[in-house]
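Report on the following structure.
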Amino acid sequence: MASFKFLACLIFTFISFTVIAQIKTSDTPNWVLKQNYTTTIDIASDEIDYGYVVLLSDEQIHVPKQKHYNRVVKKITDNLGIQDVAEIAEIYDPTYQTITFHNIDVIRNGDVINKLDINNFQVIRRESSSESYIYDGRLTAMINLSDIRKDDILDYSYTISGFNPIHNGNFSGIFSLNDYVYINTSSLRLLSNTNLEYKLFNSDLKPRYTTSNGLKDYLWFSEKVNSVNFDNEAPIWLIEHQYLIVSNYQNWKNVIDWGIDIYNVNDKISTELKAKIDAILSNKAMEHEQIIATLEFVQNEIRYLGLEDGIGSYKPFSPNKVFNQRFGDCKDKTLLMVTMLRAMHIEAYPMLVSTTFGKNLPKILPSPKVFDHVVVKVIDKSGREIYYDPTITNQKGRYDNIYFPNYEYGLVISEETNDLEKIQSFSNNLIEVYDEFYLEAVGKGATLKVKTIYNEYEADKMRNYYKNSSTSSIKKDFKAYYSNYYENVEVIEAPIIKDDSLNNEITIYEHYKLEDIWEEVLADDDNIGVTFTPTTISDILVLPTEQSKTKELALYYPIAKRHTINVKLPEAWNISPIDYNIYSKDFYYEFEGNYNPSSRELNLMSYYKNQNDYVSPENYAQYYRDIKTLESKLSYYIYIPKSYVASYANGKKNINSSELATSFIKNLFLFLILPIIVILLIVLIIIVVKRNSKT
């Protein structure tokens, strides 16, 4: 045992020295162009974020040498900034990169304090994406600096050597020209032996271009760069940074050719994998059945786990390996599914998509780095094009209506493809809700029965929810939802869930007792009432807080909701039918309310559908007016005077609107008309008496 501990300690020590050895120190490389900075900043102190500013952000890349130099100079303006500035943490991939620090200096009152000591570094593996089951193997070289104070200036620089060999000498990159904090001077320099195509977003900055010793020198230089103004209500695909995209890929066909090489795995299908394919073929005679069986296997029996260090960030593992280990990331699961389908003589291809750039992809220069996800495209024997995401689990439905996310564009890895492909999404993701309220006496409680039908993606989400939740937690969650709208909610029956997997439809039945449903009418102490709101519609309304907007406003999409409320009233009510529509460019709303006096039933139907995934700035004013109109009309009220509720409680029956009118007329006669008549009679008598006395 002692010898084992010694060996383990020796191995750990060797690994530690190996990791530390990857951090080196050296002078600044001679190819780096030195940039100066000024300590004078043109920004008010109350406009500074996070307690510091960047005096200089200097990034220089030597493409032929595969060197990436960075220099950062920060000034602490508030003690709040000490925490961020005092820690230097730079990330690199040890499978093909090394990191070299050139200087770490603290400038205090004009004096330079050298803080570069390699023995003070720690190398840690943070795995920031581990919550998403992705492990990229990157390391963080981190140093925490001692004795850092307000008004200090930190100046440090380093070079990361090595490009990912998966790119085969090609170069592309996405660079941000602004940041979360103010930058006094920003410099980005690229040295290349080939011409680089570039494109700017949210900036018109022109590069300074020179050539020297066969190298093309591009320099983007700017001063007084304000921080990024993020809008939390903007769609995820909206580019808000000042981005510079650079690439030496001439077109998307070049990227496709790169992808064909990456996804070309020549391994012969293993005996184990072939047995699985044969089992599907023997049990499923029809093509669509084979597609569904393969999809379900890859989605649900190959767990999602990404080991993406080095070239593994782009190149998938062999389908044989993925099948045997029963795990893989998006590209592993995609290639396994494509391989299985092709073995069944079903046409299938990997397709690169972007979950962030989305509809902006056609505006972006060709590069494999703009993609962050891989899915499957299938073409059935009838020529129909169908898309599947093998990383989603528990999907159901027919093979041609399985929900596929709205990725907007994709790049199919196929010899026949030359460009991006527009992906059409036909999903509505309809949710239908049927509420049945049985009101007891006026002013008392009610029972509520709810039937909810989820379709398409909403059914997939709900299926994942109930598979990951116990019955008691589902009951608790559902009760908590209705407790947001009603006081004293009691669950009469636990939710009943029925799953129609063929049609990908989930129906849930709920039953509640509502002790307190009547409330005082707002700003009216004399009346109490009941409010009926299509809560599932109000849940998805995006209600803006500004009357004008310069950026797109994100909407839930695709989504449609039909919410029907049926109310059994305890007594007759005087209710008139009502219906209206709101036609907006970005959403549609329809309402219809009817009342049946004989059965005392009130029926309210609301239908809502978002027409787009965002509201454009030019249409925002109209959207604001329309959605505010909808907000004001969304809830339906019935009310009654408190005095009549008291009368009802004392034994009086059949309180209704017509009786209220009769009672009002009676009171009007007793307290207003009758006294007037009496007064008139008295006056008349007096006049008659006076006349008689004169005669």
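The values are calculated or read from the model by the stated rules, or taken from the named source; none is laboratory data. Since this is a predicted model, take the numbers as computed values, not measurements. All Cβ positions, glycine included, derive from the backbone under ideal geometry; neighbour counts span all protein chains shown. Each accessible area value is taken on the protein alone, full model and side chains, heavy atoms only, with ligands, DNA and RNA left out. Shrake-Rupley method; radii C 1.70, N 1.55, O 1.52, S 1.80 Å.
Annotations for the structure displayed:
- CD proxy at 222 nm, helix term only [per DSSP H run n ≥ 4: -39500 (n - 2.57); per residue of the chain; nearest 500]: -7500 deg cm²/dmol
- Cα gyration tensor shape for region 321-384, rounded if a/c is under 1.5, else prolate or oblate: oblate
- Distant-in-sequence amide H partners of Glu505 (H built 1.01 Å from N, under 5 Å): Asp500
- For region 358-422, accessible area per residue (1.4 Å probe, heavy atoms of protein chains only), Å²: 38 Å²
- Furthest towards positive pole of dipole, Ala348, Leu336, Leu361, structure part region 323-380, Cβ charges: Leu361
- In region 507-552, taking the dipole from charged Cβ atoms about the Cα centre, the farthest positive-side position among Ile528, Leu541, Ile517 is held by Leu541.
- What a 1.4 Å probe finds exposed on region 548-631 is 42% carbon and sulfur by accessible area, rounded to a whole percent.
- Region 545-619 - accessible surface per residue (Å², probe 1.4 Å): 49 Å²
- About the centre of its Cα atoms, region 214-342 shows a dipole size close to 480 debye [charges on the beta carbon of Lys, Arg (+1) and Asp, Glu (-1) only; nearest 20 debye].
- Relative packing of peptides 91-102, 287-298, 416-427 - highest average C-beta neighbours within 10 Å first: 287-298, 91-102, 416-427
- Expressed as a whole percent, the accessible surface of region 22-82 that belongs to carbon and sulfur atoms is 41, based on a 1.4 Å probe.
- Taken one residue at a time, the phi angles of region 183-191 give Karplus couplings (6.51, -1.76, 1.60, θ = phi - 60°) of 10, 6, 9, 10, 9, 10, 10, 10, 10 Hz. Gly and Pro are set to x.
- Dipole of region 533-626 [Lys/Arg +1, Asp/Glu -1 at C-beta], most positive-end residue of His563, Thr550, Gln622: His563
- Cα shape, region 443-562, gyration tensor, a/c 1.5 rule: oblate
- Normalised by residue count, region 371-444 yields a Cα convex hull volume of 178 Å³ per residue.
- Based on alpha carbons, the Rg and Dmax found for region 57-182 are 16.2, 48 Å.
- Under 5 Å between amide hydrogens, built in the peptide plane, is the criterion, and for Ile559 it picks out Asn610 among residues at least 5 positions away or on other chains.
- Using a cutoff of 8 angstrom between alpha carbon atoms and counting only pairs six or more residues apart, the relative contact order for the chain works out to 9 percent.
- Taken per residue, the accessible surface of region 181-288 reaches 53 Å², heavy atoms only and a 1.4 Å probe.
- Of the DSSP H helices in the chain, those whose Cα atoms cover at least 24 Å axially and whose Kyte score averages -1.0 or more: 2-21, 674-694
- Electrostatic dipole magnitude of the chain [Cβ: Lys, Arg +1; Asp, Glu -1; Cα centre; debye, to 20]: 620 debye
- Only one of (1) 65, 37, 25; (2) 49, 26, 24; (3) 41, 35, 22 was calculated from the structure for semi-axes √(5λ) of the Cα gyration tensor in Å, and its label is (1).
- Atom-type composition of the exposed protein surface of region 230-335 places 49 percent of the accessible area on carbon and sulfur (1.4 angstrom probe).
- Estimated dipole of region 517-653 in Debye, rounded to 20 [Cβ of Lys and Arg +1, of Asp and Glu -1, Cα centre]: 300 debye
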